[in-house]
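Trainee: Before I ask anything, let me first share the structure, which is written out below as structure tokens.
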Amino acid sequence: MSELSVDHLLGIKYLNKADIELIFDTADHFKEVINRPIKKVPSLRDITIANLFFENSTRTKLSFELAEKRLSADVLNFSSAQSSVKKGETLIDTVNNILSMKVDMVVMRHPNPGAGVFLSKHVKASIINAGDGAHEHPTQALLDSYSIRERLGSVRGKKVVIVGDILHSRVALSNIFALQLQGAEVMVCGPKTLIPKYIDQLGVNVETNLKTALNWCDVANMLRVQNERMEVSYFPTTREYTQQFGVNKALLDALDKDIVIMHPGPINRGVEITSDVADSNHSIILDQVQNGVAIRMAVIYLLAAKIKQ
């Protein structure tokens, strides 16, 4: 298969296994490009991409921007903090104004779940969802799976635990879909208050004891506690959260086996994981960052190929 089955990347739930394999094969090629002395390819010289971030994000935005520039696309950056959205302009108006500048692709992060799907129905451009509320974050899940494949040889048959704030996490949902599609077993672990009620319908195991979860898994993906999404307190104190759900070196050393530690970032050092874990050889956190650029290059390249048809 040499083309994606979709015209947009709105969520992992719209992809099939062949799509994921194609994205990974393409990312392998771009990873080699990123490691050359000249890191650019002229593939998308005639494509214009608008990055619309209606919510703050440093890492995802930088990663997409770097991916676009490595492919030689023309890039427009838009952040809602300084925009007319603050003056009451609607999402459709904002985007139509940008599309009137002849933009081919829109990378969008938005606080409302489903914003990307809504947009894809109303504008003529390829949409990449860079995170919609607590719903999905497909490129993060792709780069996470790609990083697991790189370290462990394959995702199939691996046991992956996602630890922490599952309730507010778009990374968790996208990861569950992506991992299951590739034949991994998934468990979620965290305080009961941060595990959504519907989670068992997704075919994942639920564990509230971190030690049990770590003994079970091959890979632990440690999520950040999203204080900015919490109107009420879901656990007594950060210190207590860390005591129950934080990973430190002593805990890893006490396991019977080596496990891989991941984190989508930004890390609250000393809360989800300690520095000696983040910087240890268990951790593939920096690989995730590098792989993020290759995966986003692959997604943009493959979607652009469909625009050009």
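Trainee: Being buried (at least 24 other Cβ atoms within 10 Å of the Cβ), of a type in the set (S, T, N, Q) and outside any helix (DSSP H, G or I) is the filter here; which residues of region 127-158 pass it?
Mentor: Of everything in region 127-158, just one residue is buried (at least 24 other Cβ atoms within 10 Å of the Cβ), of a type in the set (S, T, N, Q) and outside any helix (DSSP H, G or I), namely ASN129.
Trainee: Here's something else I'd like to know. Check whether at least one residue in region 232-243 is β-branched (Val, Ile, Thr) and without any contact (Cβ under 8 Å) to a residue 12 or more places away in the chain, and report yes or no.
Mentor: yes
Trainee: Checking GLN180 against (1) over 16 Å from VAL6 (Cβ atoms); (2) crowded, with 24+ Cβ neighbours inside 10 Å, which single condition isn't satisfied?
Mentor: If we test GLN180 against (1) over 16 Å from VAL6 (Cβ atoms); (2) crowded, with 24+ Cβ neighbours inside 10 Å, just (2) comes out false.
Trainee: Here is a list: SER63, SER57. Which entry is touching a residue at least 40 places away in the same chain (Cβ under 8 Å), surrounded by 13 or more Cβ atoms within 10 Å (Cβ to Cβ) and touching a strand residue (DSSP E or B) at 6+ places or on another chain (Cβ under 6 Å)?
Mentor: Going through SER63, SER57 in turn, just one is touching a residue at least 40 places away in the same chain (Cβ under 8 Å), surrounded by 13 or more Cβ atoms within 10 Å (Cβ to Cβ) and touching a strand residue (DSSP E or B) at 6+ places or on another chain (Cβ under 6 Å): SER57.
Trainee: Please count how many residues of region 106-119 are touching a residue at least 24 places away in the same chain (Cβ under 8 Å) and surrounded by fewer than 22 Cβ atoms within 10 Å (Cβ to Cβ).
Mentor: 3
Trainee: Report yes if ASN221 is of a type in the set (S, T, N, Q), under 26 Å from ASP279 (Cβ atoms) and assigned to a helix (DSSP H, G or I), otherwise no.
Mentor: So ASN221 does not fit the description; no.
Trainee: When you go through ALA172, ALA213 one by one, which is the residue that is closer than 17 Å to GLU136 by Cβ, not in a loop (DSSP other than H, G, I, E, B) and not assigned by TED's automatic domain parsing to the domain that holds HIS110?
Mentor: Exactly one residue qualifies, and that residue is ALA172.
The values are calculated or read from the model by the stated rules, or taken from the named source; none is laboratory data. Keep in mind it's a predicted model, so treat the numbers as computed, not measured. Glycine also receives a Cβ, built like all others from the backbone with ideal geometry; neighbour counts cover every protein chain displayed.
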